[in-house]
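Participant: Take a look at this one; I'll ask things after.
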Amino acid sequence: MLAFLARRLASILPTLFLVSVMIFGLQQLLPGDPALALAGEDADPNVIAHLRAKFHLDEPVPMRYAHWAGGVLHGDLGESVRIQRPVTQLILEKLPVTIELAVLALGIALVIGIGAGIASAVFKDTVWDYAANVFALWGLSTPNFWLGILLILLFAVNLGWLPASGYVSPFEDLGENLKAMILPAFVLGNALAAGLMRHTRSAMLQVLSADYVRTARAKGLDERVVVLRHALRNALIPIVTLGALQFGELLSGAVLTEQVFSIPGFGKLIVDAVFNRDYSVVQGVVLFTASVYIMLNLLADMAYFAINPRMRS
Amino acid sequence: MRLKSAIVFFALAAALALPAHAQKTLRIGLAEDPDVLDPTLARTFVGRIVFAGLCDKLFDLDEKLNIVPQLAAEYKWAADNKSLTIKIRQGVTFHDGEKLDAEAVKFNLDRHKTMQGSNRRGELAPVTSVDVLDSSTVRLNLSGPFAPLLAVLADRAGMMVSPKAAKAAGDKFSNHPVCSGPFKFVERVAQDRIVLERYPGYWNKAQINFDKIVYLPIVDSTVRLANLKSGQLDFIERTAPSDWPAIQKDKRFKTSKIVEIGYQGVDFNVAKSDFAAKSPVRDPRVREAFELAIDRQAIVEVVQEEQADVGNQWVAPSNSWYAKNVPVPKRNVNRAKALLREAGIPNPSFTLMTGTTSDAQRLAQVIQAMARDAGFDIKIQATEFATSLNMADKGEYEAYVLAWSGRADPDGNLYNFHGCKQPTNYTGYCNPQVDELLNRQRVTLDPAERKKLFERIAAIVLKDRPIVYLFHRHWLWAYNAKLSGLRTVPDGMVRLQGLKMN
């Protein structure tokens, strides 16, 4: 386990370096002059010149990378030109929002997805199975923004039960916070649940036909014990991987859902930054989410050890 | 039955759990997230809406675009029009309690002119120096007479920030702006909200009826409207034209409509670069044929759902500066075809660069279809905004659909677009005669004389057609029917003075 962990950790540093080079390099490929985009509609030549100098845009690309990477190593991710705030501060401001949304969405997805997946596998070819499949198809094929707007119209405009959009900090008012988050979390969770359900179903079907499950049943174990303790535990391995990947994706921001529900998370931050050519924000946020993604993968690898004893040997 | 009772119970519980409506808070839904909240550095239209609550200006505009004093009590031009003396209103303080006096005004104008990255430097270029005559009087010395100066001072260049706070915060001032408007800054959560609270020391406090203003940027117009309908917002700006008929019928809301001071038009690359050397649009007859081929009224009906005024100039026909000697031309396809034949290009083909939003693309498609009737073959190139701006700046385009948010003085819609080598002259148009007239209107303070100069400029520029102006959008506001005292000033700013929730 330790050797494995050491190997995985050692691979993280070069990965992060490559990621930083890619983030920086890809951004250079974006067409358009950031100074011009940021100068606003007046396009004042003095302002453009000032922005070029301030962000080293008149220097060669390797030099610019060195400026940025040097700052990152010192914990300085730069400053947003558009609103003049440090990127680190923006990340810290958005992170709790994004994490909360991701946790709630993944929670909803896991409950629905795994539950429906198990039901679908255990009651294969019955009405439960078909219903779960129809549900999965619905989740996969419903665009988030469309479902989001419909839910807003139903729960906020017509019924008046929930706020239409916006965000309230849980430390300010937990009740209002949950009210504001339930719809976006459901919209995101609904889409993710579909994938989880399909994976759970196929993994469970595979495991349920395995010899040890037959043995367990032959021993006369209760069917619930067979399914939940023996079958599900093994079937969970691919689900954990998928869940970790989905969580990573959620942390990088749910662009459309955040836009529809006006949730001030990473998705909105990064999209606005890309369109405004706010380079420091794009680079900082992408580097941060990439690092989180890498860490989550590592955690998923470690979770295998916990779930599957065979991997410990 | 039990299920029904449960639903009723939960519905009641949810309704009771909703927060009581705070009567003294006004929640305004914005169409975008503003940029930096420092009047010297700010560059967006939406940012100006927030400044309307935060920072008073030396001058303001009224509903008819007349310039009226705000922080200035009175003003006087020198006999040679080369300096402007402004008497500052007495008893005005900044949100940090500092006094707004002549020294503070000088500090602000100097800051606008010298701060690194200032967006106001160009606007105030003719101001060479500022003298403090006494504690409440300043004199702006100019390099020459400059007619648009008062209008410039009725926008961000006339906003005054606290010198003490500005010196202390340096270039971080925007994180906690301190001005002298009716509301002071409380907090900003990027892309979420900007909160202001009533400044008790405001000089015009009798006009202020709210304790708190919350600006919430909600980009999606449907969601913005849903928030208004569900009672989470009291006011939304830029309602989608498609939602307009329904919201007007809803008794819970009131609506206001303003014709913008900006415009939407098509820029032609006439001489910006060699890129368009072979482009047919360099021939003025082709541009004239293009204008004759399009039906502006139909464009407004299809693209804007009638929520725009057709126009052919840098100001709308309803604007007092509109040059009546060049009216909006009617569509005439036969004449357009004849012109193209005369130019020897019966089927001119060019690329029209436009934005990626559905509205921008719909506009381009309608233009494409109309121009086809006259023989044009227009290809549409949907380009993301920052990229298109870069291409326009380098002159790597043939035609470009562009909108301008507009300035109160026509000079702001004209000079930088048609003056030789000016920053936003993306067309490359350079006509010495127009340049001379543009400079003359700047030094002519008599409005009647100035209007004659604009008429002469219109006669030349609208014949040369580096830009074919199409229409002027309506700013569509929808708000709680209990809200009264709203002023509809064409600059599209939401003025909070006099606003009241009944």
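Participant: Which of the residues belonging to region B:166-192 are open to solvent by 20 Å² or more (accessible area, probe 1.4 Å) and of a type in the set (G, A, S)?
Facilitator: The answer is B:A168, B:A169, B:G170.
Participant: Quickly run through region B:114-127 and pick out the residues that are outside any loop (DSSP other than H, G, I, E, B) and buried (at least 20 other Cβ atoms within 10 Å of the Cβ).
Facilitator: The answer is B:V127, and nothing else.
Participant: Can I ask one more? Counting only residues that are among the hydroxyl-bearing types (S, T, Y) and exposed (fewer than 14 other Cβ atoms within 10 Å of the Cβ), which one in region B:130-145 is nearest to B:I88 (Cα to Cα)?
Facilitator: Restricting to residues being among the hydroxyl-bearing types (S, T, Y) and exposed (fewer than 14 other Cβ atoms within 10 Å of the Cβ), the top hit is B:S135.
Participant: Any idea which of B:N439, B:N431, B:N425 is within 14 Å of chain A (Cβ to nearest Cβ) and either surrounded by fewer than 20 Cβ atoms within 10 Å (Cβ to Cβ) or not acidic (D, E) (or both)?
Facilitator: After ruling out the rest, the residue left standing is B:N425.
Participant: Scan B:K337, B:K330, B:K324 and give me the residue that is under 22 Å from B:D464 (Cβ atoms), open to solvent by 30 Å² or more (accessible area, probe 1.4 Å) and without any contact (Cβ under 8 Å) to a residue 40 or more places away in the chain.
Facilitator: Among B:K337, B:K330, B:K324, only B:K330 is under 22 Å from B:D464 (Cβ atoms), open to solvent by 30 Å² or more (accessible area, probe 1.4 Å) and without any contact (Cβ under 8 Å) to a residue 40 or more places away in the chain.
Participant: Let me ask something else. From A:A132, A:A102, grab the single residue that is buried (at least 19 other Cβ atoms within 10 Å of the Cβ) and at pLDDT below 90.
Facilitator: Criteria check complete, one pass: A:A132.
Participant: Also: For the condition more than 11 Å from chain B (Cβ to nearest Cβ), at negative phi and among the aromatic types (F, W, Y), what is the one hit in A:F145, A:F123?
Facilitator: Criteria check complete, one pass: A:F123.
Participant: In region B:121-153, which residue that is in contact with a Lys or Arg (Cβ under 6 Å, 6 or more places away or on another chain) and under 28 Å from A:A37 (Cβ atoms) is modelled with the highest pLDDT?
Facilitator: Per the stated criteria, the residue is B:L124.
Participant: Another one. Quick test for you: out of B:G231, B:G201, pick the one residue that is of a type outside the set (S, T, N, Q) and either crowded, with 20+ Cβ neighbours inside 10 Å or more than 8 Å from chain A (Cβ to nearest Cβ) (or both).
Facilitator: Answer to the check: B:G201.
Participant: Quick one: how many residues across region B:343-400 are open to solvent by 10 Å² or more (accessible area, probe 1.4 Å), within 13 Å of another protein chain (Cβ to nearest Cβ), modelled with pLDDT of 90 or more and under 25 Å from B:R331 (Cβ atoms)?
Facilitator: 1
Participant: Sort out which residues of region B:459-479 are surrounded by 22 or more Cβ atoms within 10 Å (Cβ to Cβ) and small (G, A, S), and write them in order of number.
Facilitator: Passing the criteria: only B:A478.
Participant: Picking from B:E103, B:E98, which residue would you name as being closer than 25 Å to B:S143 by Cα, modelled with pLDDT of 95 or more and surrounded by fewer than 19 Cβ atoms within 10 Å (Cβ to Cβ)?
Facilitator: Every option except B:E103 fails the conditions.
Participant: Kindly state which helices (runs of 4 or more DSSP H) lie completely within region B:213-304 and contain at least 3 residues that are over 30 Å from B:N347 (Cα atoms).
Facilitator: Ranges flagged: B:221-229, B:244-249.
Participant: Give the residues of region A:81-94 that are out of contact with any Leu (no Cβ under 6 Å at 6 or more places or on another chain), open to solvent by less than 40 Å² (accessible area, probe 1.4 Å) and assigned to a helix (DSSP H, G or I), sorted by residue number.
Facilitator: Passing the criteria: A:L90, A:I91.
Participant: Among the listed residues A:V240, A:V213, A:V227, A:V271, which satisfies the condition of being modelled with pLDDT under 85 and within 11 Å of another protein chain (Cβ to nearest Cβ)?
Facilitator: The unique qualifying residue is A:V271.
Participant: Now, a different point. Considering only region B:356-414, state which residues are under 19 Å from the mean Cα position of the chain (by Cα) and in a helix (DSSP H, G or I).
Facilitator: Once the filter is applied, which keeps residues that are under 19 Å from the mean Cα position of the chain (by Cα) and in a helix (DSSP H, G or I), region B:356-414 yields B:D359, B:A360, B:F385, B:A386, B:L389, B:D411, B:G412, B:N413, B:L414.
The values are calculated or read from the model by the stated rules, or taken from the named source; none is laboratory data. Owing to the predicted nature of the structure, the values given are computational and were not obtained by experimental measurement. In this analysis, Cβ positions are derived from the backbone assuming ideal geometry, glycine residues included, and neighbour counts consider all displayed protein chains. Accessible surface areas use protein heavy atoms only, side chains included; no ligands, DNA or RNA. Shrake-Rupley method; radii C 1.70, N 1.55, O 1.52, S 1.80 Å.
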